[in-house]
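Right, one structure below, let's go through it.
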């Protein structure tokens, strides 16, 4: 019986990935950025809402996330590191942006979503899906609404940012990016890239770093590429497969939900994400004027999507991957570290003697 259930689970995961492949092929013909992530996200989400017999391939996640970290690290170079001092205004404005974005989102969920204060608070945090889900559930919030809010935020933000880049900023997907075949890396290249993925993940987890599976490989890969030990990125098919898995997993988060409920949550997520993106646009404009950074690059740094998704968008759009990755890493750390203490302080302030 256990073998039968396991085989059924593999079949459902395989079907989800197959739907993701169809979505990736369809998105590739539209010119969307990250077609092999956005396409599967959309197609698998629709399949999940239609109650298709699929399951998220979560067992693949620990293997594909380090691949994306190695890819992002391959975009680092000496010129990027030399300009790192220009990032300081971003890090200075980031806490203000997070406060404004969270406040706007909170008021939106309270007013239009009619969420209770606890659920609205943890739904409105611009980052940390898993952490906000755990903290929100422990504080008495609606776990389902929090999970759907953050899953929907990533889906909406990645899609909206891609459209915004093309229609407003006039930045399109890089067409000149080189294809790296499976046979292009030498044996030593394969060993170094694999070492960056495996060792980077283990060391970052041992150090208890945030987003360890992507951050550790990215740092080691960046060091290897900057030093010249290796000069080639991971093979393109491998990267496409990693993006396919991530997009499929994000879309499959909507399994077991009703179209009516998810439709409402998606509308709320669209409104909340739009408010966050307005705050991100204003912050990016300030940083662009203060530090002379490109507007497109600054906007990607402040857009409240996932670290992997925004890093890949930066790579696809020809923007500074290191800047975008560092900004999002700091954002996630700030949200995870300060969301719970601020929540406790606000709740005590309301319930205390004053």
**Fill in**
Note on the stretch 270-328: alpha-carbon gyration tensor, axes a ≥ b ≥ c; rule is a/c under 1.5 for rounded, else prolate if a/b larger than b/c, else oblate; result oblate
**Request:** Could you work out how far apart the two model spin labels at residue 229 and residue 92 are, taking each label as a point 7 Å from the Cα in the direction of the beta carbon, and quote it in nm?
**Result:** 3.6 nm
**Request:** With springs only between Cα atoms under 10 Å apart, run a GNM on the chain and tell me which of 41, 310, 295 wobbles the most.
**Result:** 295
**Request:** Using a/c under 1.5 as the rounded threshold, could you call the stretch 60-351 rounded, prolate or oblate? The axes a ≥ b ≥ c are square roots of the C-alpha gyration tensor eigenvalues, and prolate needs a/b larger than b/c, oblate otherwise.
**Result:** prolate
**Mean residue ellipticity (222 nm) of the chain, computed from DSSP H runs ≥ 4 via -39,500 (n - 2.57), nearest 500** = -25000 deg cm²/dmol
**Asked** Hey, rough spin-label estimate for residue 338 and residue 194, points 7 angstrom out along Cα→Cβ, what's it come to in nanometres?
**Response** 4.3 nm
**Complete:** Descending packing, highest mean Cβ count within 10 Å first, for 227-233, 102-108, 216-222 is 216-222, 102-108, 227-233
**Item:** Gained length - residue 205 relative to residue 103, 0.36 nm times residue gap less alpha-carbon distance
**Value:** 33.5 nm
**Message:** Using a Förster radius of 25 Å, what is the FRET efficiency between residue 61 and residue 258 based on their Cβ-Cβ separation? Nearest 0.05, please.
**Reply:** 0.45
**Message:** Give me the one-decimal nm value for the distance between modelled label points at residue 346 and residue 181, 7 Å along each residue's Cα-to-Cβ direction.
**Reply:** 5.6 nm
**Complete:** Note on the stretch 205-354: alpha-carbon gyration tensor, axes a ≥ b ≥ c; rule is a/c under 1.5 for rounded, else prolate if a/b larger than b/c, else oblate; result prolate
**Request:** Be a star and scan the stretch 96-121 for residues whose amide nitrogen sits under 18 Å from the point 7 Å along the Cα-to-Cβ vector of residue 289.
**Result:** 96-97
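Bear in mind that the values in this text are calculations on the coordinates, not laboratory data. Just so you know, these numbers come straight off a predicted model, no measurement behind them. In this analysis, Cβ positions are derived from the backbone assuming ideal geometry, glycine residues included, and neighbour counts consider all displayed protein chains.
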